[in-house]
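Peer 1: Here it is: the structure, laid out below.
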Amino acid sequence: MTKKECSILRGVAILCIILHNFCKRIPFAVPENEYSFNLDNVLLFWNTLQWDTIFIQFFSFWGHLGVPVFVLLSGYGLALKYDRIEALDWKDFLWRHYKKLCYPMVGGLFAYYIVRYLMSPHDYNGIQEIFPIKQFMAQLTMLINLLPEPHKLILPGPYWYFGMTMQLYVIYLIFVHKRPTAFIVIIAVATLFVCLFLQQYTSLLIWIKVNAAGWLLPFALGIIIGRSHKCCPQKHPKSVTFCAMVTIPLFSLTYYTWLLVPLAITILAIGIVPAIPRQFSSVFDFVGKISMYAFVIHPIVREMNFLYDLNPYMGILLYVTITLTLSYLIDRILTKPINNK
């Protein structure tokens, strides 16, 4: 995959995530099966599809599948960048990647607490409720994902991705770098095998899905593609796209096949990149370049209550516009000084 193709994939993925995290808050939206499987949600999705709400229902139910695409790109990027280095300084490696995640996360957290308070000042009693220092420190150290029921602790919710990504860096350092590819594949398959028995243990399954263990299949695929320098889905994009579009809905019907949906969506994403028209690919490329800031900012914009008082589609349009505009401005502010040095 070229650098531009990776950027386009990021653009597609972040738009799916942004739309998902807004659409799922709309009262009539269907709940997703992101961390656990609920057949009722699947049936509700298919039974409530109507032309006037299909956009909202689609992204509410499916939009979270942008996450495995980012995980795939993480594995792919790590393999390309570090596999040629004979020996990694583990302290430097972890510190560099921690800073890359920490700086935008901390800025986003402070902005989130401020906006949340300004939107509903009467909902909070005291500084501890406005600014929960224990949760902040747990997120700052990237350890909050490891606590019991982390999905209830992490604020804002999408920021669980930071701790999970830091875990992927640790996994790469310990289990992937200068080791056979089969090593990470075996670990990913073993984790999948364990998950096969967890359908009735929802809390444990959610915990796994909020941590890196739940995303090792797309991560391993990214490593494989990065090391082999081949991208088979791009050789037959139409066939891959058709098969994936049929497979993903079918896989979503049972718990056991649902576990494979993150892998299937990454194959679909890779396959459709060559088929995206040039005028649209440039838009996705632009969004992909500011995807980090868009990820940090969109949960903050989502807290603006007035967006939900508008017509749903007007609210979505304004929400996406504000998110991408702020992301672009922050990107210009932060990167311009660096480019001028």
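The values are calculated or read from the model by the stated rules, or taken from the named source; none is laboratory data. Everything numeric here is computed off the predicted structure, so don't read it as measured data. In this analysis, Cβ positions are derived from the backbone assuming ideal geometry, glycine residues included, and neighbour counts consider all displayed protein chains. For the accessible areas, the whole protein counts, side chains as well, though only heavy atoms, and no ligand, DNA or RNA atoms are used. Shrake-Rupley method; radii C 1.70, N 1.55, O 1.52, S 1.80 Å.
Peer 1: Would you work out the charge dipole size for the chain about its Cα centre, treating the Cβ of every Lys and Arg as +1 and the Cβ of every Asp and Glu as -1, and quote it to the nearest 20 debye?
Peer 2: Approximately 1220 debye in magnitude.
Peer 1: For Tyr112, tell me the accessible area in Å² from a 1.4 Å probe, rounded to the nearest 10.
Peer 2: 10 Å²
Peer 1: Please get the size of the charge dipole for segment 9-98, origin at its Cα centre, with Cβ charges of +1 on Lys and Arg and -1 on Asp and Glu, quoted in debye to the nearest 20.
Peer 2: Magnitude of the dipole: close to 220 debye.
Peer 1: Given R₀ = 22 Å, what would the calculated FRET efficiency be for Ile54 paired with Asp309, taking r from the Cβ atoms and rounding to 0.05?
Peer 2: Once the sixth-power term is evaluated, E becomes 0.45.
Peer 1: With every protein chain present, what accessible area does Lys4 have (1.4 Å probe, heavy atoms only), rounded to the nearest 10 Å²?
Peer 2: Lys4 exposes around 110 Å² with every protein chain in place.
Peer 1: Within the accessible area of the chain, what % is carbon and sulfur when the probe is 1.4 Å and the other protein chains stay in place? Provide the component values of the computation, followed by the final result.
Peer 2: Details: 11740 of 17120 Å².
Carbon and sulfur: 69 percent of the exposed surface of the chain.
Peer 1: Considering the options Tyr113, Pro180, His97, tell which one lies farthest towards the positive end of the dipole of the chain, charges being +1 on Lys and Arg and -1 on Asp and Glu at the Cβ, about the Cα centre.
Peer 2: Towards the positive end, the residue furthest out is Pro180.
Peer 1: In nm, give the distance between the simple-model label positions of Trp95 and Asp83, each being 7 Å from the Cα along the Cα-to-Cβ direction.
Peer 2: That separation, rounded to one decimal, is 2.8 nm.
Peer 1: Using only Cα atoms, what is the ratio of the radius of gyration of segment 27-76 to 2.2 N^0.38 Å?
Peer 2: 1.31
Peer 1: Let me ask you something else. Can you give the helix-only mean residue ellipticity at 222 nm for the chain, where every DSSP H stretch with n ≥ 4 adds -39500 (n - 2.57) and the sum goes over all residues, rounded to the nearest 500 deg cm²/dmol?
Peer 2: Calculated from helices alone, the mean residue ellipticity at 222 nm is -21500 deg cm²/dmol.
Peer 1: Let me ask another. Helix check for the chain. Which DSSP H runs span at least 27 Å along their own axis by Cα, with a mean Kyte-Doolittle hydropathy no less than -0.5?
Peer 2: Span-like helices in the chain: 3-23, 90-119, 312-340.
Peer 1: Towards the positive end of the charge dipole of segment 244-341, with charges on Cβ (+1 Lys, Arg; -1 Asp, Glu), say which of Val320, Met245, Leu310 has the farthest Cα.
Peer 2: Positive-most Cα among the choices belongs to Val320.
Peer 1: Note the full-extension length gain between Leu146 and Lys134 as 0.36 nm times their separation in residues minus their Cα-Cα distance, in nm to one decimal.
Peer 2: Separation in residues times 0.36 nm, less the Cα-Cα distance, equals 2.9 nm.
Peer 1: Identify all aspartates and glutamates with a Cα-Cα distance to Lys3 below 20 Å; exclude those on the same chain that are fewer than 8 residues away in sequence.
Peer 2: Excluding near neighbours in sequence, the set is Asp83, Asp285, Asp331.
Peer 1: If the cut-off is a Cα-Cα distance under 17 Å, which aspartates and glutamates reach Lys24, setting aside same-chain residues fewer than 8 apart in sequence?
Peer 2: Glu32, Glu34, Asp40, Asp52, Glu303, Asp309
Peer 1: Restricting to DSSP loop positions (anything but H, G, I, E, B) with no more than 13 other Cβ atoms inside 10 Å of their own Cβ, which chymotrypsin sites (Phe, Trp or Tyr not before Pro) remain in segment 261-290?
Peer 2: none
Peer 1: Based on the Kirkwood radius over alpha-carbon pairs, what value in µm²/s does the Stokes-Einstein equation return for the translational diffusion coefficient of segment 182-311 at 37 °C and 0.692 mPa s? Don't skip to the answer; put the middle values down first.
Peer 2: On the way: Rh = 17.4 Å.
Estimated diffusion coefficient is 189 µm²/s.
Peer 1: Sticking with this one: Which value results for Rg/Rh of segment 115-247 when Rg is the Cα radius of gyration and Rh the Kirkwood radius based on the inverse mean 1/r? Mind showing how you got there, number by number?
Peer 2: Working: Rg = 19.3 Å, Rh = 17.7 Å.
My calculation puts Rg/Rh at 1.09.
Peer 1: Is the chain rounded, prolate or oblate when judged by the Cα gyration tensor, a ≥ b ≥ c being the square roots of its eigenvalues, rounded requiring a/c under 1.5 and prolate requiring a/b larger than b/c?
Peer 2: rounded
Peer 1: Determine the equivalent ellipsoid of segment 46-131 by diagonalising the alpha-carbon gyration tensor, then write out the semi-axes as square roots of 5 times the eigenvalues, largest first, rounded to whole Å.
Peer 2: Semi-axes (√(5λ), whole Å): 35, 28, 8.
Peer 1: Oh, and also: Take the cross-link list Lys91/Lys289; Lys81/Lys289; Lys81/Lys134 and give me the ones stretching past 24 Å between alpha-carbons.
Peer 2: Lys91/Lys289; Lys81/Lys134
Peer 1: Which distance in nm do the two modelled labels at Cys243 and Phe193 give, with both placed 7 Å along the Cα-to-Cβ direction?
Peer 2: 2.5 nm
Peer 1: Relative to the Cα centre, what is the charge dipole magnitude of segment 260-341, using +1 at the beta carbon of each Lys and Arg, -1 at the beta carbon of each Asp and Glu, and rounding to the nearest 20 debye?
Peer 2: 340 debye
Peer 1: Out of Gly157, Thr202, Gly66, whose Cα points farthest toward the positive end of the dipole of the chain (charges: +1 Lys, Arg; -1 Asp, Glu; placed on Cβ)?
Peer 2: Of the candidates, Gly66 comes out farthest on the positive side.
Peer 1: Something else about it: For segment 169-218, just run the numbers: alpha carbon Rg, then divide by 2.2 N^0.38 Å, N being how many residues it has.
Peer 2: After normalising by residue count via 2.2 N^0.38 Å, the value is 1.21.
Peer 1: A follow-up question, please. I need the calculated FRET efficiency for the pair Ile114 and Phe28, taking r as the beta carbon distance and R₀ as 41 Å, to the nearest 0.05.
Peer 2: So the FRET efficiency works out to roughly 0.85.
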